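Please read the structure below before turning to the comments.
The values are calculated or read from the model by the stated rules, or taken from the named source; none is laboratory data. Nothing here was measured: the structure is a model prediction, and the numbers come from that model. Reconstructed Cβ throughout: ideal geometry from the backbone, glycine too, with neighbour counts over all protein chains shown. Remember, those area values only see protein heavy atoms, side chains included, never the ligands or the DNA or RNA. Shrake-Rupley method; radii C 1.70, N 1.55, O 1.52, S 1.80 Å.
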Amino acid sequence: MKILTYNTISFLFLYFFVSVLCQNGSDISPISSPSPFGVSTKQLIFKDRRLAVVYPIIQAFKATITEDPLNRTGNWVGGDICNYTGFYCDNPPDNLSAIALAGIDFNGFLLGAPTLEGFIDKLSDLAIFHANSNKFAGSIPDVSQLKYFYELDVSNNVHAGTFPMTVIGVKDLSFLDIRFNLFSGSVPPEIFNQALEVLFINNNDFTAKLPENFGSTPVRYLTLANNKLTGSIPRSIGNLNMTLIEVLLLNNKLTGCLPYEVGFLKELKLFDVEDNLLTGPLPCSLSCLDKIELLNLANNLFYWEVPEELCALVNLENLTLSGNYFTKVGPACRKLIKNGILDMTQNCVPDLPHQRSLLECTEFYLKYIRFCPYPETYKIIPCKDGYHHHWEGSKAKTMKAPVTYKTLSRHKF
C-alpha cells in the first residue's frame, strides 16, 4: 500500500473537509464526497455533522496504513463511521442529542503506519484511544487539545525517541500505557505531577534516576519494570499511602536502601523490586502493609534479620526474599517457609537449606555492606507506635489477579 507523507494527510483532510460540509445538528444528511486515488464518488449519509467532519481524517489515515493482515480496515468505507471496525460512537457531553466518535480500539489489529499524527489529534471528540499490539511508529500526537480525552494506550508498538512529552499537561489523562516500545532517556518529573490512576511504562529503555516528586501523582497501578532506571526509591513514595495498590520496579538498576516510607502504603497489595541493587536492612515499617499479598525483594543486597512483624502479616500469599544476604529468621518467618509462602533460598541463614556459601556471605559482610541513612527509622512501626493514629488497615482477603503483572506480557490484558 502506498505510504503517504504527513503533508499529504493534511491535504486530504482539507480536500475532504470542503466536500463533506453538512447541516447543523444531528440530522441525517446526504453529503457529496468525491474521493481521490480513483475511488468512485457517491452520496454519503452521516448520522451527525460531527461524523462528517471526522470522515476525511479517518480516510486520510487509512491511506497511510502499510500493513493490515487481518483486513480490519476493510469496512472503513461509507458514511456509517460508528460501524467501522474499531470505532465507537456516543453522545458527547456538550450535546447529548448529537452523535460523535468517542473511542477507538485497535487492540491486536496488527496495523502498520508511519505515524499517528494528523489522526487522533484531529478527532476533537475522542476520549479513548487503545492501540495495543500494532506497528505504529513515529511520535505520540499532541492530544492536549482534545477536551474529553482521558485514556491513551499505545503499548507494544514501535514508537521511539524520548519520553512523549505530548502527554504532559493533558488535563484529564488518567490512563497512560506506553510499555513495550523503544522509548529511551529520562522519565520527566512532570508526569508524576499529573492525576494519573494508571501509569505503565515498562519494557522500554528509560534511564536516569527516579525524580524526587515520584510520589506526587495519585496513581493506583504503577509499572516501571524492565528499564534501566537508577538511583534510590524516593521517600516521597509514602505520599501514595491512600492510592497505590500495585507497583512493579523489578529489573532496573535501583540502588540505596528501601525507604521507611514504603510502610505508609496502607492500600498496597503488590510490591516487586526484584533484580535491582537495593541494600540495607528491611525497615520494620513494612509490617504496616496490612493489605500486602505479594512482596518480592529477591536478588538484591538486603542483609541482617528478617523482621518477625513482617512475617506476621495475615494477608501475605507470597513473600520472596531469595538471593539476598539475610542472616536470621524467627519463628513466624519459619512458619511461612514451612507453608511455602516465604522463599529464603540463597541467603546466609546457617540452618536453612540452599543457602550461599560461608565464604560468599563473609566476603559480603566484610566488603560490601552499606549502611542506610536515617537508621533510627528502621525499627519504627508507624501504625503501632503512635506516629499515625488514623491508620486503618483492612483484613479483607481478595484473590483478584494482580493487574500490574499482566503488563509484563506484550499483549493487551
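Cα gyration tensor of the stretch 186-379, axes a ≥ b ≥ c as square roots of the eigenvalues: rounded (a/c below 1.5), prolate (a/b > b/c) or oblate? Prolate shape, in that a/c is at least 1.5 and a/b is the bigger ratio. Across the chain, the mean sequence separation of Cα contacts (distance under 8 Å, 6 or more residues apart), normalised by length, yields a relative contact order of 8 percent. Taking every protein chain into account, the 1.4 Å probe leaves Asp121 with about 40 Å² of accessible area, to the nearest ten. Of all the options Pro188, Pro69, Pro211, the one that moves most in a Gaussian network model of the chain with Cα springs shorter than 10 angstrom is Pro69.
Identify which of Val314, Val143, Val167 has the largest mean-square fluctuation in a Gaussian network model of the chain, with springs joining Cα atoms closer than 10 Å. Among Val314, Val143, Val167, the largest GNM mean-square fluctuation belongs to Val314. For the chain, the Cβ-based charge dipole about the Cα centre amounts to some 420 debye (Lys, Arg positive; Asp, Glu negative; other atoms uncharged). Surface composition of the stretch 186-379: carbon and sulfur atoms hold 55% of the protein heavy-atom accessible area at a 1.4 Å probe.
Using a probe radius of 1.4 Å on heavy atoms only, what accessible surface per residue do you get for the chain? Whole Å² is fine. Don't skip to the end; give the middle numbers.
Values: 18190 Å² over 413 residues.
Accessible area per residue, the chain: 44 Å².
Backbone phi angles across the stretch 182-188, fed through the Karplus curve with coefficients 6.51, -1.76 and 1.60 (θ = phi - 60°), yield HN-Hα couplings of 10, 6, 9, x, 8, 9, x Hz in residue order; Gly and Pro are listed as x. Evaluating 6.51 cos²θ - 1.76 cosθ + 1.60 at θ = phi - 60° for every residue in the stretch 116-121, the Karplus couplings come out as 9, 5, x, 10, 5, 6 Hz, glycine and proline recorded as x. In sequence order, the stretch 106-111 has phi-based couplings of 9, 4, x, 6, 6, 6 Hz under the Karplus curve 6.51 cos²θ - 1.76 cosθ + 1.60, θ = phi - 60°, and Gly or Pro positions carry x. Taking each of Lys269/Lys335; Lys335/Lys384; Lys147/Lys406; Lys266/Lys406 in turn, the alpha-carbon distance tops 25 angstrom for Lys147/Lys406.
For the stretch 45-159, with all protein chains present and a 1.4 Å probe, just round the carbon and sulfur fraction of the accessible area to a whole percent.
For the stretch 45-159, the apolar C and S fraction of the accessible surface comes to 49 percent.
For the stretch 186-379, what is the relative contact order in percent, using Cα pairs closer than 8 Å and at least 6 residues apart in sequence? Walk me through the numbers before you get to the answer.
On the way: 490 pairs, mean separation 25.7, N = 194.
In percent, rounded to a whole number, it is 13.
Centre-to-centre separation between the Cα atoms of the stretch 126-158 and those of the stretch 238-314: 33 Å. In this structure the amide hydrogen of His159, modeled in the peptide plane, comes within under 5 Å of the amide hydrogens of Leu182, none closer than 5 places in sequence on its chain. Close amide H pairs (under 5 Å, H built 1.01 Å from N) link Cys257 with Thr279, residues at least 5 positions away or on another chain. Given +1 at the Cβ of Lys and Arg, -1 at the Cβ of Asp and Glu and no other charges, the dipole of the stretch 241-393 around its Cα centre is 280 debye to the nearest 20.
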